[in-house]
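Quick notes on the structure that follows.
The values are calculated or read from the model by the stated rules, or taken from the named source; none is laboratory data. Being a predicted model, the structure only gives us computed values, none of them experimental. Cβ coordinates were reconstructed from backbone atoms using ideal geometry, including for glycine residues, and neighbour counts include every protein chain displayed. Each accessible area value is taken on the protein alone, full model and side chains, heavy atoms only, with ligands, DNA and RNA left out. Shrake-Rupley method; radii C 1.70, N 1.55, O 1.52, S 1.80 Å.
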Amino acid sequence: DSNLSLRVLWWKAIFGNDRTSPCFDDGLAYDMLPSYVRVLVSKLFSSLYPRWTHVVIEIRTAYLDQAVRSIVENVRATGKQSKLRLVTMGCGYDIRSIKLANIVDEAIELDLPHVIAAKQNMLLRLQKRRPTATLPILYATDLQKLDDELESLLQGILGRDKDWHTIFLFEGVLMYLNDGIPMQLLQVCH
């Protein structure tokens, strides 16, 4: 449901503009939104939203951002010259790949074709507002259909270069997949 995902981006824009939030992103999520919507989540109106409306997403975002940062720090601490890749499965309109572009060497996002098409439009908008932003590589695929094409895509991502350390991130997508698919996906990513 792309409307649900867009709502999550609105919530991220609310706490992303809040300097006291652990997920402050200096307006990055806000800049992904169309102009006519931005007023609804602007600093002026965002204080009117009850904190419980978006706090669950804020906590989850802070946790996952920190988990990725921790993995990156641990890999860098090993002293190996590994390049780091973040692969977000079922990315929706998430901005983590852009927000963490300064600590990973490559970001890849996979989601349904209609979600990727909508996100590409958002990224074009973001690029106009933030020309220096590093954008992720997007792949349209249906995680529900773990077929040869999806397996080949994932194996291609993993097998391109052995000097890469790949972080797979699943945020809120596994619960929408049919029984057995999450385990199969995890096995392919292993």
Do you know which of the residues in region 169-190 that are open to solvent by less than 50 Å² (accessible area, probe 1.4 Å) and in contact with a helix residue (DSSP H, G or I) (Cβ under 7 Å, 6 or more places away or on another chain) is farthest from GLY92 (Cα to Cα)? VAL188
Residue pairs, Cβ under 8 Å, 6 or more apart or interchain, first in region 150-164 and within 13 Å of SER82 (Cα to Cα) and modelled with pLDDT of 75 or more, second open to solvent by 70 Å² or more (accessible area, probe 1.4 Å) and not aliphatic (A, V, I, L, M). List them. ASP163/GLN81; ASP163/LYS83; TRP164/LYS83; TRP164/ASP105
Residue list for region 44-57, filter: open to solvent by 100 Å² or more (accessible area, probe 1.4 Å) and modelled with pLDDT under 75: ARG51, TRP52
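Do we find a residue being of a type in the set (S, T, N, Q), assigned to a helix (DSSP H, G or I) and out of contact with any helix residue (DSSP H, G or I) (no Cβ under 6 Å at 6 or more places or on another chain) anywhere in region 97-111? Before you say what the answer is, go through the steps one by one.
Here is the first cut: in region 97-111, the ones of a type in the set (S, T, N, Q) are 97, 102.
Checking which are assigned to a helix (DSSP H, G or I) leaves us with 97.
From what's left, out of contact with any helix residue (DSSP H, G or I) (no Cβ under 6 Å at 6 or more places or on another chain): 97.
Yes, that holds for at least one residue.
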Looking at (1) open to solvent by 50 Å² or more (accessible area, probe 1.4 Å); (2) touching a strand residue (DSSP E or B) at 6+ places or on another chain (Cβ under 7 Å); (3) under 24 Å from LEU186 (Cα atoms), which is the only condition CYS91 fails? (1)
Unique match (being within 14 Å of the chain's Cα centre (by Cα), of a type outside the set (Gly, Ala, Ser) and either in a helix (DSSP H, G or I) or exposed (fewer than 11 other Cβ atoms within 10 Å of the Cβ) (or both)) among ARG60, ARG76: ARG60
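Got a number for residues in region 36-50 being part of a helix (DSSP H, G or I) and within 13 Å of ALA13 (Cα to Cα)?
Initially, region 36-50 is screened for residues part of a helix (DSSP H, G or I), giving 36-41, 43-46.
Pick out the ones that are also within 13 Å of ALA13 (Cα to Cα) and you get 37-41, 43-46.
Number of matching residues: 9.
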